[in-house]
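Asker: So that we are looking at the same thing, I have put the structure below in structure tokens.
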Amino acid sequence: MSSVQLRRAGASDWPAIWPIWSGVVAAGDTYTYDPATDSPSAERAWLGSGEVWIAEDRGSPTPLGIYRISPNQQGPGSHVANGSYMVATGARRHGVGRQLVTHSLERACELGYHGMQFNAVAATNVHAIALYLDLGFSTVGVIPGGFRHPAAGFVDLLIMYRPL
């Protein structure tokens, strides 16, 4: 998808973001959000702090993917960023996720972060893990059985990190 462009999202973008967010979360296989989360709660969680970016195909109003970047912790830990990524079902396996992660790493550097940390990567999310490893992340911790996958049962949660 060579015509993908990224732009910063605002509150007016939530109606376009919600179908991606709710679809990914409802699947229950990658995120620790409650699959029953309603739109207002999800909007507060995602647009309440940090930055949200949208990947769009030029000429189409339908987002291909979204990401959120924010401090991973407050105070003395706020120099490490946290990133969250969601790709629309029809846009998967076309490089959109790579573009989202790459852009977020560039943006994290611009914002002065010293590293990027992912707190909860389900071990069954093999495509995301392969992408993160390819982009220089390493697994720095494992929570055994920390994720209740709807089909695979209790699987490990990985904590992944990359210095910037």
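Asker: Run a plain Debye calculation on the stretch 82-164 (Cα atoms as equal point scatterers, no solvent) and give log10 I(q)/I(0) at q = 0.18 Å⁻¹, rounded to two decimals, same order as the q list.
Answerer: -0.79
Asker: Note down the relative contact order for the stretch 4-118 as a percent, whole number, built from C-alpha pairs under 8 angstrom at least six residues apart.
Answerer: 23 percent
Asker: Place a +1 charge on the Cβ of each Lys and Arg in the chain and a -1 charge on the Cβ of each Asp and Glu, then give the dipole magnitude about the Cα centre in debye, rounded to the nearest 20.
Answerer: Dipole size: approximately 180 debye.
Asker: Moving on to the next point. Please grab the % of Cα pairs in the stretch 3-94 that end up more than 19 Å from each other.
Answerer: Numbers: 1687 of 4186 pairs.
The share of Cα pairs beyond 19 Å in the stretch 3-94 comes to 40 percent.
Asker: In Å and whole numbers, how far do the C-alpha atoms of the chain stretch along each principal axis, longest first?
Answerer: For the chain, the Cα spread along each principal axis is 43, 38, 31 Å.
Asker: Would you mind ranking PHE137, PHE154 so that the residue whose beta carbon has the fewest other beta carbons within 10 Å leads the list? Before the final figure, lay out each step's value.
Answerer: Values: PHE137 22, PHE154 11.
Going from sparsest to densest Cβ surroundings: PHE154, PHE137.
Asker: I've got another one for you. Of ASN72, ALA55, TRP21, which is farthest towards the positive pole of the stretch 4-118's charge dipole, taken about the Cα centre with +1 and -1 on the beta-carbons of Lys, Arg and Asp, Glu respectively?
Answerer: Selected residue: ALA55.
Readers should treat all values here as calculations from the given coordinates under stated rules, not as data from a laboratory. Bear in mind that the values here come from a model prediction, so they are computed numbers and not experimental data. FYI the Cβ positions are ideal-geometry reconstructions off the backbone, even for glycines, and counts take in every protein chain you see.
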